[in-house]
Amino acid sequence: MLRTAQHSLFLFGLLLACVVAYAQPEWVVNRGQWPANVAFQTRIPAGVLWTEHAGFTYQLFNEDELNKLHGTRVNGDEELLHGHTFRVRFVNGNAQSVFGQEEKRHYYNYYTSPDPAHQASHCAVYGRAQLSEVYAHVDVHLYSAGNALKYDWVVHPGGRVSDIRVAYDDVQVSLVHREGGSELVLHTSVRSEE
């Protein structure tokens, strides 16, 4: 019975995190409710972005299956939801500090774990986030433009662009040349992202 209740609670939390009417991205601070390597969580369409000191982890779900589950009661029956997790890793990089900017007026509470050590209240929400000193004198600024998630590398005096190296783990990456430039396309088992 406890396992079914935990499964139902997890699925309910997953649905809340992924199917809520999608709005402008925001960064929710980790106060112990997630693994220690996570600094922020950001909801994205049919998924979640986990911001870490050494990169990003994307957790994506099949949008059709997720929408099918939305609004249904979880009654202990097995439901199928395909997902794909991949990581964007800063090669030889690790932020010395991570902090939010443009704090929002609302906050989130997390009481989904039976372990009080993984429950948190008043988790601040930010409109932007910054990873400082990922490399010497190089920061990463995370923000949104409309509903799109963006990040910029900011190289300060003394920093070197050549230090910036990013590796993609568990995802197929293609460079697509189009008129006006090139785009990186990430192919997962549930969808492709440009």
**Request:** Specify which of the listed residues (A36, A17, A21) is surrounded by fewer than 18 Cβ atoms within 10 Å (Cβ to Cβ), aliphatic (A, V, I, L, M) and modelled with pLDDT of 90 or more.
**Result:** A36
**Request:** Please verify whether the stretch 120-131 includes one or more residues that are open to solvent by 50 Å² or more (accessible area, probe 1.4 Å), under 19 Å from the mean Cα position of the chain (by Cα) and free of Cβ contacts under 8 Å to residues at least 60 places away in the same chain.
**Result:** no
**Prompt:** Which one of these is at pLDDT 95 or above, crowded, with 19+ Cβ neighbours inside 10 Å and within 20 Å of D139 (Cβ to Cβ): A95, A54?
**Reply:** A95
**Asked** Take the residues of the stretch 60-87 that are at pLDDT 85 or above and surrounded by 19 or more Cβ atoms within 10 Å (Cβ to Cβ): which is nearest to Q130 (Cα to Cα)?
**Response** F86
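The values are calculated or read from the model by the stated rules, or taken from the named source; none is laboratory data. In this text the structure is predicted, and so the values were computed from the model without any measurement. As a convention, Cβ positions derive from the backbone with ideal geometry for all residues, glycine included, and neighbour counts pool all protein chains shown. What goes into the accessible areas is simple: the full protein's heavy atoms, side chains included, and nothing from ligands, DNA or RNA. Shrake-Rupley method; radii C 1.70, N 1.55, O 1.52, S 1.80 Å.
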